[in-house]
Structure formats: structure tokens, C-alpha cells
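For reference, the structure discussed in these notes is given below.
The values are calculated or read from the model by the stated rules, or taken from the named source; none is laboratory data. Owing to the predicted nature of the structure, the values given are computational and were not obtained by experimental measurement. When we count neighbours, we look across all protein chains shown, and the Cβ atoms used for this are built from the backbone with ideal geometry, even at glycine. Just the protein is used for accessible areas: all its heavy atoms, side chains included, with ligands, DNA and RNA removed. Shrake-Rupley method; radii C 1.70, N 1.55, O 1.52, S 1.80 Å.
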Amino acid sequence: MESIKKQNIANALATYCERYESQNRASNSLKNVSPATISQMLNGKWELIKDEMWRNVAAQIGYKEEKWEPVETSGYKRMMKILSDAQTNSMVMGICGDAGTGKTFSCRQYAQRNRQVYHLCCSEYWNKKVFLSELLLSMGRDFTGYSISEMMQEVVRYLKMQEQPLIILDEADKLSDSVLYFFITLYNQLEDECGIILIATSHLEKKLKRGVKLAKKGYAEIWSRLGKKCVPLKGVTANDIAKICECNGVTESKDIDDVIADSESDLRRVKRRVHAITQIKKEKEVA
């Protein structure tokens with residue numbers, strides 16, 4: 001691995017560590033990364049660190065070596081405002097937006113820039129123990145040998161010690177009912193002390209409303225604690241897409257119009273189309 005890439009990862013790691021009370025705490029938030037390894041990376045002592053470890057650290061702290069230039073879209077700015085408000089005022093809410101609106105990117109950026117923010121990308125296979133493990137891991141807490149009840153107690157205890165913490169459960173609609181019930185426990189024990197955000201597509205709101213209608217256990221409580229509504233996020237606008245194109249090398253009006261027409265307000269489609277246009281231009285230049 002090139003030295004310049006290692007330096008970029010080390011710089012990103014330094015920023016990551018600033019979110020925690022110490023390097024040891026930051027190390028606890030990363031799987032299979034010792035405090036000594038972090039210290040060596042930050043102090044330029046790289047001789048004994050294998051490339052696999054560099055890639056492991058980069059993946060876990062969210063560092064990516066790519067040429068894509070992100071843009072602060074209108075949805076991104078709205079999401080940042082909502083997250084800041086939720087953290088400052090310990091608010092609990094649900095946020096729904098279509099796939100490709102930049103929800104996860106916005107959450108990652110916010111978590112990287114603010115302390116006491118714990119962003120989890122949820123998965124269908126998570127059970128209670130995995131969910132609590134991921135949450136405690138993001139906090140840098142050692143939970144070795146803990147039972148599920150002890151893990152929950154540690155989560156609540158640690159969050160109560162902090163000033164304006166925020167939990168972001170991204171893709172919350174993927175959580176099973178048994179894990180989703182933990183939201184009620186967290187709300188009840190941390191009300192007005194911790195912000196909690198559930199983020200997903202509109203399927204989350206439909207799932208909760210259907211659960212309430214069917215009188216499924218816990219759903220009425222969850223829906224009530226979210227204020228019986230989810231905050232809607234709009235897709236990217238034509239103006240947003242034009243800015244993205246210009247920042248990533250697509251400047252001709254016809255090409256920008258093509259990207260907008262093809263986008264369906266989905267940032268992933270925008271990225272793919274921009275990539276295709278730039279690749280075609282590179283091939284023409286070589287020819």
C-alpha cells in the first residue's frame with residue numbers, strides 16, 4: 001500500500017479518535033484493532049503494520065479512497081438540521097425517505113463531525129445480543145462476558161453519563177420485532193436525556209401503522225413515542241443533480257440534462273450515469 005494512502009487513512013483515523021474520550025476508547029469501538037496499532041498508525045510507525053490492517057481500519061472508520069466529490073444537496077442540509085436539532089434537544093423521531101436520497105451518507109457525515117453520536121446500519125439478521133453488541137461497540141465500551149440485560153444496563157448507564165448523546169438507527173425497518181422493542185426500553189429510560197432517530201424508507205411508517213392496526217405487541221407504544229408520524233425526506237432536485245455533475249467533471253448542458261432525466265431522483269443512479277459519461281469522454285480522448 002502506498003505511503004500517501006496510509007497517511008490519508010491515518011489522518012482519517014485521527015479525526016475518528018477525536019470523537020472518543022481517548023485512543024483506548026476509540027480502539028474498543030473497532031474490531032480486532034489494538035490501542036498499540038492505533039498509536040503506531042497515528043505516530044508514523046508503520047513498519048510492522050500489514051496492509052490488511054490498514055484496510056481493516058479504513059473500512060471500519062468509513063474511509064474510502066475515491067474520486068467522487070460529494071455535494072451538500074438540499075436533502076443533506078435538511079437531514080443535518082434535523083439530526084442537530086434531535087441531538088441538542090434529545091428528541092425522538094422517525095425519518096422516511098426513498099432509496100437513493102442520501103440518508104445514510106448524511107448520517108455518516110454527521111456522526112463523523114460530532115461527538116456522542118452512535119450511528120448503526122441495521123440488518124435483518126440482528127438479534128437482541130447482536131444489536132446491543134453493535135451499539136456498545138460504537139460507544140467503545142467493553143462488554144465481554146455480559147448478558148443481554150447487563151448489556152442494556154451498560155448502554156443506559158453510559159448514555160446517562162454523556163451530554164446530549166444521539167442514537168441513529170439507520171434502515172430501522174430491517175429490525176425484527178424483538179429488537180425493535182428495545183426502542184421502547186431506550187425511550188423509557190432515556191427520555192429527555194438522549195436523542196433517538198429511526199431512519200428508513202417509507203416501509204418503516206407502513207410497517208408501524210400496520211402493526212398498530214393489527215394490535216401487534218409494542219407497535220402502539222413505538223408509534224406513539226415517534227409522535228405518530230415520520231418526517232418525510234424529499235428526493236434530490238434537478239438543481240442538486242446539476243451541482244453534483246459539475247463537481248464531478250460533467251459540465252456540458254446536454255450531459256447534465258441526460259443525467260437529470262435518467263436519475264429518478266436517486267443519487268445512486270446519478271453516480272452511475274456520471275461515471276458512464278466521464279468514462280466515454282476518457283475513451284474518446286485516448287482514441
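Residues with amide H under 5 Å of residue 196's amide H, sequence separation 5 or more or different chain, H placed in the peptide plane at 1.01 Å from N; which?
Those qualifying (amide H under 5 Å, at least 5 residues apart or on another chain) are 91, 92, 93, 167.
For residue 67, which aspartates and glutamates qualify as cross-link partners when the Cα separation must be under 15 Å and same-chain residues fewer than eight apart are set aside?
Hits, sequence-local ones excluded: 246.
Cα to Cα, under 19 Å, and not fewer than 8 places away if on the same chain: which aspartates and glutamates meet these conditions relative to residue 5?
Residue 5 reaches 47, 51, 52, 65, 66, 69.
Could you work out how far apart the two model spin labels at residue 25 and residue 65 are, taking each label as a point 7 Å from the Cα in the direction of the beta carbon, and quote it in nm?
A separation of 3.1 nm, rounded to one decimal place.
How far is the Cα center of region 156-195 from the Cα center of region 1-57, in Å?
29 Å
Could you check the simple spin-label distance between residue 142 and residue 129, using points 7 Å along Cα→Cβ, in nm with one decimal?
So the two model labels end up 2.0 nm from each other.
Amide H of residue 231 versus every other amide H placed in the peptide plane: which residues, excluding those fewer than 5 positions away on the same chain, fall under 5 Å?
Counting only residues 5 or more places away or on other chains, the set is 94, 95, 96.
In sequence order, what are the phi-derived ³J(HN,Hα) couplings for region 143-153 according to the Karplus relation 6.51 cos²θ - 1.76 cosθ + 1.60 with θ = phi - 60°, rounded to whole Hz, with x for glycine and proline?
10, 4, x, 6, 7, 4, 5, 5, 5, 5, 4
To the nearest 0.05, what FRET efficiency results for residue 239 and residue 55 with a Förster distance of 41 Å applied to their C-beta separation?
It comes out at approximately 0.65.
Which one of 94, 75, 211 has the biggest mean-square fluctuation once the chain is modelled by GNM with Cα springs under 10 Å?
Comparing 94, 75, 211 in the GNM, the peak value goes to 211.
Using heavy-atom solvent-accessible surface (probe 1.4 Å) with all chains present, what is the largest-first order of 38, 4, 260?
If we order 38, 4, 260 from most to least accessible, we get 4, 260, 38.
Would you work out what percent of the accessible area of the chain, with all protein chains in place, is carbon or sulfur (probe 1.4 Å)?
Result for the chain: 48 percent of the exposed heavy-atom area is carbon or sulfur.
Taking 0.36 nm per residue of sequence separation and subtracting the Cα-Cα distance, how much length would be gained by fully extending the chain between residue 252 and residue 114, in nm to one decimal?
Working: separation 138, 0.36 × 138 = 49.68 nm, distance 3.72 nm.
So the chain would gain 46.0 nm between residue 252 and residue 114.
Counting only residues 5 or more places away or on other chains, whose amide H sits under 5 Å from the amide H of residue 49 once H atoms are built in the peptide plane?
Under 5 Å from the amide H of residue 49 lies no amide H from a residue far enough along the sequence or on another chain.
State, as an integer percentage, the relative contact order of the chain based on alpha-carbon contacts under 8 Å between residues 6 or more apart.
22 percent
Once fully extended, how much extra length lies between residue 98 and residue 5, figured as 0.36 nm per residue of separation less the alpha-carbon to alpha-carbon distance?
30.1 nm
Compute the relative contact order of region 1-68 as a whole-number percentage, counting only Cα pairs closer than 8 Å that sit 6 or more residues apart in sequence.
That works out to 39 percent.
Taking θ as phi - 60°, what are the ³J(HN,Hα) couplings along region 246-257 by the Karplus curve (6.51, -1.76, 1.60), each to the nearest whole Hz, with x for Gly and Pro?
The phi angles translate into 5, 6, 10, x, 9, 10, 6, 4, 5, 5, 5, 4 Hz.
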